[in-house]
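First up is the structure itself, then whatever we jot down about it.
The values are calculated or read from the model by the stated rules, or taken from the named source; none is laboratory data. Just so it is clear, the model here is predicted, and its values are computed rather than measured. Neighbour counts run over all protein chains shown; Cβ positions are idealised from the backbone, glycine included. With ligands, DNA and RNA removed, areas are computed over all heavy atoms of the protein, side chains included. Shrake-Rupley method; radii C 1.70, N 1.55, O 1.52, S 1.80 Å.
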Amino acid sequence: QVQLVESGGGWVQPGGSLRLSCAASGSSFRIYTVRWYRQAPGNQRELVAVITSGGSTNYADSVKGRFTISRDNAKNTVYLQMNRLKPDDTAVYYCNAALGPLDAWGQGTLVTVSS
């Protein structure tokens, strides 16, 4: 079972960029499917982006063209590059790694987009 730690959140003005990192322990991280979720106050957690062990990616319509998910297996890390941020992107962002019945979550990192 992997353990996940997110980092990279913070405050940014609309139109700005942030890069979130999800660092994992464990040598088998490379075979996990990794997802980024976010949860804004009063809202349900929503899926933002996913990357498979083979590198295939998919995105929520609301972030398509602005966010990019990638992974560096040598560093056991998955990234979420977020560009052209909007106030609606404000949320706690969570990293999830799944492999069959195994399912791990990080503690979340807060992203605030405001002027």
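Quick notes on this one:
- Asp61 meets all of the listed conditions (1) closer than 23 Å to Gly16 by Cα; (2) without any contact (Cβ under 8 Å) to a residue 12 or more places away in the chain; (3) in a strand (DSSP E or B) but one, namely (3).
- Selection status of Asn76, over 15 Å from Ala24 (Cβ atoms) and not β-branched (Val, Ile, Thr): no
- Tally, over the range 44-55, of residues that are open to solvent by 70 Å² or more (accessible area, probe 1.4 Å), under 19 Å from Pro87 (Cβ atoms) and either modelled with pLDDT under 95 or in a strand (DSSP E or B) (or both): 1
- The range 11-43: number of residues that are assigned to a strand (DSSP E or B) and surrounded by 13 or more Cβ atoms within 10 Å (Cβ to Cβ): 15
- Contact map, the range 79-90: first residue without any contact (Cβ under 8 Å) to a residue 60 or more places away in the chain and open to solvent by 30 Å² or more (accessible area, probe 1.4 Å), second residue of a type outside the set (Phe, Trp, Tyr) and in a strand (DSSP E or B), Cβ cut-off under 7 Å, separation 6 or more or different chains; pairs are Thr90/Val111; Thr90/Thr112; Thr90/Val113.
- Meets criteria (surrounded by fewer than 14 Cβ atoms within 10 Å (Cβ to Cβ) and of a type in the set (S, T, N, Q)) for Asn58: yes
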